[in-house]
Amino acid sequence: MTAAESLVAQLSQAFQGELLPNEPMARHTTFRIGGPADLYAQPADRASLLLVYRCAWELGVPALILGAGSNVLVSDRGFRGVVIATEKALKATSFEGDVAFAEAGVNLASFVRACAKRGLAGIEGMCGIPGTVGGAVVMNAGANGCEVASCLLHADLLTPDLREVRLTRDELDLRYRDSALKGLGWVVLSATFRLTPASPDELMERVHQMETRRRATQPVGERNAGCVFKNPPGASAGRLLDEAGAKGLRVGDAQISTKHANFIVNRGNASAADVKHLMERARAIVEEKYGILLEPELLMVGEWE
Ligand code: EPU
């Protein structure tokens, strides 16, 4: 019996949701790239999410928590272990005064809009970021001069030994597209933000303007995983790549966007290896021209050659 089969056997009738063995991760990433996960679990409620996470821990099966799959490159060989999706299980939001609460599986853009409609300002800059609230906390997502760290109060987390802990913004050590949570495998259960009262109409107008700008400057609607590289201090990775002539470069069906050079788009059947190879070429071009080594922003997961 494989580890994934033992896990399925161990999960009692109490588990509600979907369990898909050998599930291609290409179906669950915005890149539409990625080999199979031994098991893909889509728990329907919070109790089922905790159950599958606990069973995986007890059996020593590696677990990968996945939000919207919008910032990951899953290898062609896929992931050995269980991928646990949060989008169906953790989807509650609530508001009290200027404090806004969202469970980890909530779509970030929808949450930002819900806050704006209630006249709560502070996170509207993140309106166009594809992803979930949980992923945004782990990555300290940001756009338009606004990031999770600017208004997060605390996050509730589940540790691998199944303790529920609350960490404040400072304890989470949120840095530029980075946090203490990266690589830890803890589950973000929810996040609580302190926002500032503002006019809903003005906020919605700003959201509209930023979305229009984003559609004009980023390959929205094409298969991609957001910005590929972090911006080096004081510079824009997109501009460096553009000026180094990287736009349009291709490896297989993976191509550097002709709209914004810090995006790679999947033109059809790109493999993870194509994307990785293209990232290496892009890095080499910038290093040669500027002596700057770009650091990947997207998370590379799974088994690599
Ligand atoms: N630029 C070019 N050529 C390009 C891309 C950009 O010349 O191909 C120039 C732009 O004209 C602009 C400057 O570079 O003058 C900066 O570009 P942009 O405003 O697009 O911002 P960015 O630094 O490239 C950052 C974030 C984005 C976020 C935007 C908008 C990073 C790595 N990128 O991009 O976040 O959407 O600002 O706030 O931090 C992401 O994290 O996945 C992401 C896409």
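Throughout, read-outs are computed from the coordinates displayed, never taken from laboratory work. Please read these numbers as outputs of a predicted model, since none were measured by experiment. Cβ coordinates were reconstructed from backbone atoms using ideal geometry, including for glycine residues, and neighbour counts include every protein chain displayed.
Each Lys or Arg adds one and each Asp or Glu subtracts one; over the other residues with Cβ under 15 Å from the Cβ of residue 18, this totals -2.
Eigenvalues of the alpha-carbon gyration tensor of the chain, scaled by 5 and square-rooted, set the equivalent ellipsoid semi-axes at 30, 27, 16 angstrom, largest first. Of all stretches in the chain that contain no chymotrypsin sites (Phe, Trp or Tyr not before Pro) in a DSSP loop with at most 16 other Cβ atoms within 10 Å, the longest one is 1-175. Based on DSSP H segments of at least four residues, each scored -39500 (n - 2.57), the chain has a per-residue ellipticity at 222 nm of -8500 deg cm²/dmol. Per-residue Karplus couplings for region 53-65, computed as 6.51 cos²θ - 1.76 cosθ + 1.60 with θ equal to phi - 60°, are listed in order as 5, 5, 5, 4, 4, 5, 8, x, 8, x, 10, 10, 8 Hz, Gly and Pro entered as x. Taking the inverse of the mean reciprocal distance over all distinct Cα pairs, the Kirkwood hydrodynamic radius of region 19-136 comes to 15.1 Å. Dividing the radius of gyration of the alpha carbons in region 108-263 by their Kirkwood radius gives 1.01 for Rg/Rh. Which entries in 117/259; 182/247; 247/289; 182/276; 117/230; 259/289 show an alpha-carbon gap greater than 25 Å? Result: 117/259; 182/247; 117/230 exceed 25 Å. Applying Stokes-Einstein at 20 °C and 1.002 mPa s to the Kirkwood radius of region 171-259, computed over alpha-carbon pairs, gives a translational diffusion coefficient of 127 µm² s⁻¹. Evaluated at q = 0.13, 0.22 Å⁻¹, a Debye calculation over the C-alpha positions of region 96-176 (equal weights, vacuum) places log10 I(q)/I(0) at -0.38, -1.07.
Basic side chains Lys and Arg get +1 at the Cβ, acidic Asp and Glu get -1 at the Cβ, and with that the dipole of region 63-185 about its Cα centre reaches some 340 debye.
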